[in-house]
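Here's the structure, in structure tokens; my notes come after.
The values are calculated or read from the model by the stated rules, or taken from the named source; none is laboratory data. The structure displayed is predicted, hence computed values, not measured ones. Cβ coordinates were reconstructed from backbone atoms using ideal geometry, including for glycine residues, and neighbour counts include every protein chain displayed.
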Amino acid sequence: MATADPAQAADTVQPDGRRGILLMLVGLLLFSILNGVVKAQTELFPVVQIMFFRNFFAMVPLGIVILFVTRRRSLRTRLPHWHLLHAALMSGGIGLIFAGYELLPLADATAINFASPLIITALSAPLLGERVGWVKWAAVAVGFAGVMFMVQPSGDVIRAGAVYSLGGTILAAFGTLVARHLSKHDSTMTIVFLFMALSSAMVIPLLPSVWVTPTPLQVAGLIAMGLASGGAQYMTTRALFHAPAATIAPMNYSKMIWALLIGFFAFGDWPGPVVLAGSALVLASTWVVYRSEGHGEGRPKPPPA
């Protein structure tokens, strides 16, 4: 069994399932806002270029935290191959999901992406050895039903965009499971920083063939997106330190809630009764998991010292 990273071993914080849930919810809120920005940028720039700015400049706030806050100058790890696998899975997943949003109606793409919690919950037991009780399975099912109420997919999804979205969802789900495994051995900062660095390096060879020169204002927007992504990525990865993957998975459904709130406050769009009913199911599934975690179900053991 691999030993903990020195940075993680120095972390005296004990895993707290509820804290993990709250971190994931806030991180998903930030990502929901960023996804709206990304969708607008796909009309101007290729996905590969957006991914590069998103990941490369996310390292800036992370580097500042490493140098001046945690004062951990080393990002050493005994699991380099796992980090490489994590970066490859998440990079491929993000790229395919972005491509799916370009080609599919938003409702269809969203419906496909929400298969991720089901995949994570189903595989967290055999691959990670985590306990997945009936309460979490029920929460996943109820949350998925709520999402179907809200997005009302057209059913016409056998298209290239659907293949991209489904492929990206599967890769990202496996990437989340790898991140959960890494969180038991390395610090959150190590996982996130190495992901951003490796992912940036992976897309650099593709940039010359697709590069679109942005204006100064567009450069500022792309950089700002990357800076914000660093904070959001840290929160969602830190959540996996505190809670099992099956606990975190249903929280992904909350992205629909954030989308509804952003649409209302930013654009004045008031959802209809069907969407509100679906939102209630999503909120109920999230609350059930939060309550069950408070009673200790599936609470992870602290990482080895």
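Some observations on this one:
- Among residues that are assigned to a helix (DSSP H, G or I), β-branched (Val, Ile, Thr) and over 22 Å from residue 235 (Cβ atoms), residue 60 is not included.
- Residue among 176, 190 that is within 20 Å of residue 112 (Cβ to Cβ), touching a Leu at 6+ places or on another chain (Cβ under 8 Å) and part of a helix (DSSP H, G or I): 176
- Residue that is modelled with the lowest pLDDT [pool: residues in segment 150-170 that are surrounded by fewer than 21 Cβ atoms within 10 Å (Cβ to Cβ), outside any loop (DSSP other than H, G, I, E, B) and of a type in the set (A, V, I, L, M)]: 160
- Taken as a whole, the structure leaves residue 112 outside the set of residues that are at pLDDT below 80, out of contact with any Phe, Trp or Tyr (no Cβ under 7 Å at 6 or more places or on another chain) and part of a loop (DSSP other than H, G, I, E, B).
- Here 251, 235, 202, 225 are screened, and the one residue that is buried (at least 24 other Cβ atoms within 10 Å of the Cβ) and not basic (Lys, Arg) is 251.
- In segment 188-198 there is at least one residue matching the filter, namely being at pLDDT below 90 and of a type outside the set (Val, Ile, Thr).
- Qualifying residue in segment 28-44 (condition: modelled with pLDDT of 85 or more, of a type in the set (Ser, Thr, Tyr) and assigned to a loop (DSSP other than H, G, I, E, B)): no
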